[in-house]
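Chemist: Pasting in a structure now, in structure tokens, and then I'll have a few things to ask.
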Amino acid sequence: MGARQELTVVLPARLRRAPGWPEGPFPFELGSRRTDATTRSTYFTPASARTLYGTPGQPRRWHLSLDIKQDELHLLGMELLRAATARDPEHALVVLHFTVERPLLPVLRSLAGRRLTMDDDPVTGLTGSFDPATLLAGIADVRDSATPFAIARPYTIAFLTPTAQHTPSLRDGREGDLPATADSWLWQLASRSNSEDFPLAPETAAEELKGAVRISADWSALVLRQGAAFLGHRPDTGEGDFFEFGALHSRTVYLDALLLGSLQRDHIDELTDELSDVFTSPRRLARRVATLERSIALFRSGYWRQHLTAHGPANELLLAFQHQHRLPARFAEILAEAADYSRLVQTQESQQISGALGVLTILGLPLGTALGILQVLDDHSLSHLLVGLGLSVAATAAALTTRYGRLVLSSLRGGESGR
């Protein structure tokens, strides 16, 4: 059990209505510092701040203070972040803020659905007073893992600081080297597992742990697919210690960086799904590709950020989240595939135009020739005109049976199927 233990849990939900809660993120306080939306916005670019906090008159985030204790966990409050997408306008993220007064790793393992052993103390997790369905009754429905955008388990962000007895996580002196066990602790907190649940292979351990973010000599962070963790590397001296500020940052600015990564992941999931639907209706291909290109443009302008603040650690945490979910590579694949579809539509439209011009040529040449001959002969006979029209129609029909005519008709059919 650490000297200071904080836990943040993120869950996907379906927003039924805007809550009547105060607007903005949960305003944690430390001394005279209050981390409301105005304060946090100074850390982010304007576009990122609008995504995370909304704008006046169009809020995206609400918070509610709570004081619920159960099973040595203390729920301080919760937040709702509207995370609407084009296909899922009710999508939202629920954030629960806990202080943990019992060993933290068993709590994390319980939230991850790990199998308990005979020696493990039972942990109730998100049940009873902490049941999200009860906390959000009438406001939002927590999603199950079978619905789109749902994560298999709650995403957890753990913060733990050591005492002087926790030598496996302490530096050798204030600026000395970290023991190898420090990153092992960090991995267990971020992965919500112990060495029996998920033993790291010695051959790949260095690769798995190289993504650790060294925020300073005092503490490090590690971001994985299902969780993140912050671990101190010197003894926490209690009230007034720097780790009070570190805990504040882990719950606010660094949390927001990871929330932005979650929003990016959800939108990229939707773009991937939209790509797979492009050919479900071939006659509407051009319209579907145009809609896809618009969705990509909106995502790039509103959500796709790899630099969201001038403060380095938040950027590094976002990049680590993107790396874990392969977001840059996936988005590059989406752009490449969308470009291929756009070229296909352009090719089909060019074929349709060429086919239309070919039809005009096949129809117009015999008719123009017949009318030209009658005009040269100064023949005004209605019967001769009808004969000329009949011969032109016959010549057109004959021309359409040739290889060139069949090619023109095929181009027209291809053009129609691309609509």
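The values are calculated or read from the model by the stated rules, or taken from the named source; none is laboratory data. What you see is a predicted model; the values in this text were computed from it and never measured. Reconstructed Cβ throughout: ideal geometry from the backbone, glycine too, with neighbour counts over all protein chains shown. Ligands, DNA and RNA are stripped out before the accessible areas are found, and what is left, the full protein with its side chains, is counted by its heavy atoms. Shrake-Rupley method; radii C 1.70, N 1.55, O 1.52, S 1.80 Å.
Chemist: Within the stretch 308-327, can one find any residue that is under 16 Å from residue 51 (Cα atoms), out of contact with any helix residue (DSSP H, G or I) (no Cβ under 7 Å at 6 or more places or on another chain) and modelled with pLDDT of 85 or more?
Modeler: Yes, the stretch 308-327 contains a residue that is under 16 Å from residue 51 (Cα atoms), out of contact with any helix residue (DSSP H, G or I) (no Cβ under 7 Å at 6 or more places or on another chain) and modelled with pLDDT of 85 or more.
Chemist: So which residues in the stretch 128-149 are at pLDDT 80 or above and exposed (fewer than 14 other Cβ atoms within 10 Å of the Cβ), if there are any at all?
Modeler: 128, 133, 134, 137, 138
Chemist: How many of the residues in the stretch 41-79 are within 19 Å of residue 260 (Cα to Cα) and touching a His at 6+ places or on another chain (Cβ under 8 Å)?
Modeler: Looking only at that region, the number is 4.
Chemist: Still on this structure, I have one more. In the stretch 55-87, which residues are in contact with a helix residue (DSSP H, G or I) (Cβ under 8 Å, 6 or more places away or on another chain) and open to solvent by less than 20 Å² (accessible area, probe 1.4 Å)?
Modeler: Passing the criteria: 61, 73, 75, 78, 81, 83, 85.
Chemist: Evaluate the following for residue 2: is it touching a residue at least 40 places away in the same chain (Cβ under 8 Å) and of a type outside the set (Phe, Trp, Tyr)?
Modeler: Criteria met by residue 2.
A quick yes/no check of all residues on (1) in contact (Cβ under 8 Å) with a residue 12 or more places away in the chain; (2) open to solvent by less than 10 Å² (accessible area, probe 1.4 Å):
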| position | (1), (2) |
| --- | --- |
| 230 | yes, yes |
| 239 | no, no |
| 260 | yes, yes |
| 269 | yes, no |
| 277 | no, no |
| 281 | no, no |
| 286 | yes, no |
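Chemist: For the stretch 31-54, what are the residues that are under 21 Å from the mean Cα position of the chain (by Cα) and open to solvent by 50 Å² or more (accessible area, probe 1.4 Å)?
Modeler: Once the filter is applied, which keeps residues that are under 21 Å from the mean Cα position of the chain (by Cα) and open to solvent by 50 Å² or more (accessible area, probe 1.4 Å), the stretch 31-54 yields 46, 50.
Chemist: Any chance the stretch 180-198 includes a residue that's open to solvent by 40 Å² or more (accessible area, probe 1.4 Å), closer than 27 Å to residue 95 by Cβ and touching a His at 6+ places or on another chain (Cβ under 9 Å)?
Modeler: Within the stretch 180-198 (the criterion being open to solvent by 40 Å² or more (accessible area, probe 1.4 Å), closer than 27 Å to residue 95 by Cβ and touching a His at 6+ places or on another chain (Cβ under 9 Å)), the answer is yes, since at least one residue qualifies.
Chemist: Quick check, is residue 165 under 25 Å from residue 245 (Cα atoms) and exposed (fewer than 13 other Cβ atoms within 10 Å of the Cβ)?
Modeler: yes
Chemist: Specify which of the listed residues (244, 208) is closer than 15 Å to residue 186 by Cα and either outside any loop (DSSP other than H, G, I, E, B) or in contact (Cβ under 8 Å) with a residue 40 or more places away in the chain (or both).
Modeler: Working: 244 fails: closer than 15 Å to residue 186 by Cα.
Answer to the selection: 208.
Chemist: Here is a follow-up. Hey, can you tell me all the residues within the stretch 162-189 that are under 17 Å from residue 103 (Cα atoms), assigned to a helix (DSSP H, G or I) and not small (Gly, Ala, Ser)?
Modeler: Once the filter is applied, which keeps residues that are under 17 Å from residue 103 (Cα atoms), assigned to a helix (DSSP H, G or I) and not small (Gly, Ala, Ser), the stretch 162-189 yields 167, 168, 185, 186, 187, 188, 189.
Chemist: Only one of these conditions is not met by residue 264: (1) of a type outside the set (Val, Ile, Thr); (2) under 23 Å from the mean Cα position of the chain (by Cα); (3) open to solvent by 10 Å² or more (accessible area, probe 1.4 Å). Which number is it?
Modeler: Condition not satisfied by residue 264: (3).
Chemist: List the strands (runs of 3 or more DSSP E) that sit entirely inside the stretch 1-114 and contain at least 3 residues that are at pLDDT below 90.
Modeler: Ranges flagged: none.
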